[in-house]
Amino acid sequence: MRLVLEHVSKTYDDGHGHDVPALDDVSLTVEAEELVALLGPSGCGKSTLLNIVAGLLAPTSGGVSFEGHAAPAHPTAMVFQEFALFPWRTVQKNVEFGLEEAGMPAAARAREARRFIELAGLAGFETKYPHQLSGGMRQRVGIARALAVDPAVLLMDEPFSALDAQTRQLMQEELLAIWERTRKTIVYVTHNIHEAVYMADRVIVLSRRPGRVLAEIPIELERPRAEAMMAEPAFAHAAERIWSLIKEQARAAVRE
Amino acid sequence: MSEDRHVRIAVEDRTRFLIRREHRVLRVLALVALVAAWEVVARAGWVPVLFLPSPLGVLAEGRDMLVSGELAGHLAASLKRLVLGFAVGGGLGAAVGIAVGFFSIAEAVGAPIIAATFPVPKIALLPLLILWLGLGEPSKVAVIALGVFFPMVINTYTGVRQADALLVRAAVSFGARRASVIRKVILPSALPMIFAGLRLGAGTALLLLVAAEMIAVESGIGFLVLHAGNIMATTKLMVGIVVLSLLGVLSHWGLNRLERLAIPWRT
């Protein structure tokens, strides 16, 4: 499935009758099996864009569509920054949630969920509740829950930004390994330049509010990615280019 | 000051006075001491038995009433009213609370009505309920149900409103429709508040039970207390009071157990 965004704009009402533009004419295409990072300074509307793609928010104008041979049961599934796990459900039941809503019988659901629990490295934690898990383990549940519904596109909204730096690094590795195995199309929102360059095939740099596409930067690093690649000139080059694009914008965001 | 003296200062835990110890022995001792003092005062004959029966006397009377079946009869009548009223009021309260919390139309209709009616002391409604429903059981059950209904409605409503919007969005993103969102997200979110409502309701229910049983009934703990008072059977009266306090303690304990079973994800 390829994901196509055409001239997507979003304007919020700030509650005082003023229109606040969040996204301005964003057009982009994500190809099947591509891992695309959406990157921008805070307040650039990255999460807004992701929510529009997920159908959780209506754009003011423009449209989002999926192109492929058959309509998928789940066009998208979301991995949330704050995990958004159901505290009253065990790991197993959290991962089963989407399948449950799709009406899958209990036995098949349990089997299917088990597969993704193992894929996400959660084996042995099936009966634990979210509060009994560390942040990294919680987000593994978030990832397993999203993958379990077999979405055409996996949407990740700053999935590791609530984790400490070391855990984040490990989770990036883990996600890349999962991607190598599943070849899911992924749209990955982040404000971390190194993370974006390390993970993505293409980094889409957004401007500050209202978010516009500043540049699309293809990352010329081989797959599978390895930590050693961070020392390669291509890595440094891409990171510098992105930083130079958003530096002024980030500075303005700080002053705001 | 020119002299450079060597100083050594040990750092002490400055929060020591904030530590709260449990004092387990003292807890039991205080209660035992009170009852013992009461026993001594009663036995010494400083106060007539009519005003202050001894704890052991009350215990003996309670045992006699238990053996004769008198206590069981009163207790059964009270429990029946209590359980019925609690079930009706609690069930309706939770249902209305969810509706008012979730549906904007129900909120527009229900919220002002609830706000206007909940400050009314429910005991004041008892004569009205008797007028409507007669002197029999229905008016007793209804006043208890009313007393439980309001704390339940308000707590459930608050619990529903406090449900995490992110979790609702997450559920919707995974395909949940309205019924699923209510059952799988809103309801479990509101459960702790619902239990708080049940606990508030339990206290109110006991109060209203005793009040209702003081009017035109021949059975129940409330009747026992009033009747014993009228005939100056102070020991019996005390038995009634002890049973009522036991009911209060037991319902609190039972609800706590139930809550732990119903909300296993709580730390």
- request: Compare the Cα positions of B:Pro192, A:Leu49, A:Ile204 along the charge dipole of the protein assembly as shown (+1 at Cβ of Lys, Arg; -1 at Cβ of Asp, Glu; about the Cα centre) and return the one farthest towards the positive end.
  value: B:Pro192
task: Quote to one decimal, in nm, the extra length available between B:Val35 and B:Phe17 on full extension: 0.36 nm per residue of separation minus the C-alpha distance between them.
output: 3.3 nm
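Where the only charges are on Cβ atoms (+1 Lys, Arg; -1 Asp, Glu), what is the dipole of the stretch B:161-267 about its Cα centre, to the nearest 20 debye? The partial results should precede the final answer.
Working: 11 positive and 4 negative charges, 156 e Å.
Dipole about the Cα centre, nearest 20: 740 debye.
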task: With an 8 Å cut-off on Cα pairs and a minimum separation of 6 or more residues, tell me the relative contact order of the stretch A:113-256 in percent.
output: 17 percent
Along principal axes, Cα extents of the protein assembly as shown, largest first, whole Å: 99, 84, 51
query: Mind listing the phi-derived Karplus ³J(HN,Hα) values for the stretch A:242-250, rounded to whole Hz, using 6.51, -1.76 and 1.60 with θ = phi - 60°, and x for any glycine or proline?
result: 5, 4, 5, 6, 10, 4, 4, 5, 5
- prompt: When Lys and Arg each count +1 and Asp and Glu each count -1, what net charge do the other residues less than 12 Å away from A:Thr48, Cβ to Cβ, add up to?
  reply: +1
query: Using 1/(1 + (r/R0)^6) with R0 = 56 angstrom and r between the beta carbons of B:Asp64 and A:Met229, what's the FRET efficiency to the nearest 0.05?
result: 0.05
- request: Counting only C-alpha contacts under 8 Å and six or more residues apart, can you give the relative contact order of the stretch B:193-267 as a whole percent?
  value: 28 percent
task: With everything on Cα atoms, drop me the angle between helix A:165-182 and the longest principal axis of chain A, reported from 0 to 90° to the nearest 10.
output: 70 degrees
task: Could you calculate the FRET efficiency of B:Arg24 with B:Trp46 from 1/(1 + (r/R0)^6), where r is the beta carbon distance between them and R0 is 35 Å, rounded to 0.05?
output: 0.60
task: Pull up the cross-link candidates among the aspartates and glutamates for A:Lys46, meaning alpha carbon to alpha carbon under 17 Å and not fewer than 8 places away within one chain.
output: A:Glu6, A:Asp24, A:Asp25, A:Glu82, A:Asp157, A:Glu158, A:Glu195, A:Glu216
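Enter the mean number of other protein chain beta carbons within 10 Å of the beta carbon of each residue in B:213-226, as an integer. Please list the in-between numbers first.
Values: counts 0, 0, 0, 0, 0, 0, 0, 0, 0, 0, 0, 0, 0, 0.
For peptide B:213-226, the averaged partner shielding equals 0.
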field: Around B:Val160: net Lys/Arg minus Asp/Glu count, Cβ-Cβ under 13 Å
entry: 0
field: Backbone HN-Hα couplings from phi across the stretch A:203-218 [Karplus 6.51/-1.76/1.60, Hz, Gly and Pro as x]
entry: 10, 9, 9, 9, 8, 5, 3, x, x, 10, 6, 7, 6, 10, 10, x
query: Over its Cα atoms, what ratio of radius of gyration to 2.2 N^0.38 Å does the stretch A:88-150 give?
result: 0.98
field: Proximal lysines relative to B:Lys80, as straight alpha-carbon distance under 23 Å, when same-chain residues fewer than 8 apart are discounted
entry: B:Lys122, B:Lys140, B:Lys236
message: Checking the cross-link filter: which aspartates and glutamates have an alpha carbon closer than 15 Å to that of B:Lys184, excluding same-chain neighbours under 8 positions apart?
response: A:Glu96, A:Glu100, A:Glu101, B:Asp164
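Report the charge-dipole magnitude of the protein assembly as shown in Debye, nearest 20, computed about the Cα centre from +1 at each Lys and Arg Cβ and -1 at each Asp and Glu Cβ. Working shown, then result.
Values: 52 positive and 49 negative charges, 335 e Å.
It comes to approximately 1620 debye.
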- request: With springs connecting C-alpha atoms under 10 Å apart, model chain B as a Gaussian network and identify which of B:Ser180, B:Ser54, B:Ser78 has the largest mean-square fluctuation.
  value: B:Ser180
query: For the stretch B:94-99, in order, what is each residue's ³J(HN,Hα) by Karplus, 6.51 cos²θ - 1.76 cosθ + 1.60 with θ = phi - 60°, in whole Hz (x at glycine and Pro)?
result: 5, 5, 5, x, 5, 4
- prompt: How big is the shadow of the Cα convex hull of chain B, averaged over all directions, in nm²?
  reply: 27.7 nm²
- prompt: What are the residues whose amide H is under 5 Å from the amide H of A:Leu38, where those residues sit 5 or more places off or on another chain and H is modelled from the backbone?
  reply: A:Tyr188, A:Val189, A:Thr190, A:Ile204
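Values quoted throughout were computed directly from the atomic coordinates according to the rules given, and no laboratory measurement underlies them. All figures in this text were calculated on a predicted structure; none of them were measured in a lab. FYI the Cβ positions are ideal-geometry reconstructions off the backbone, even for glycines, and counts take in every protein chain you see.
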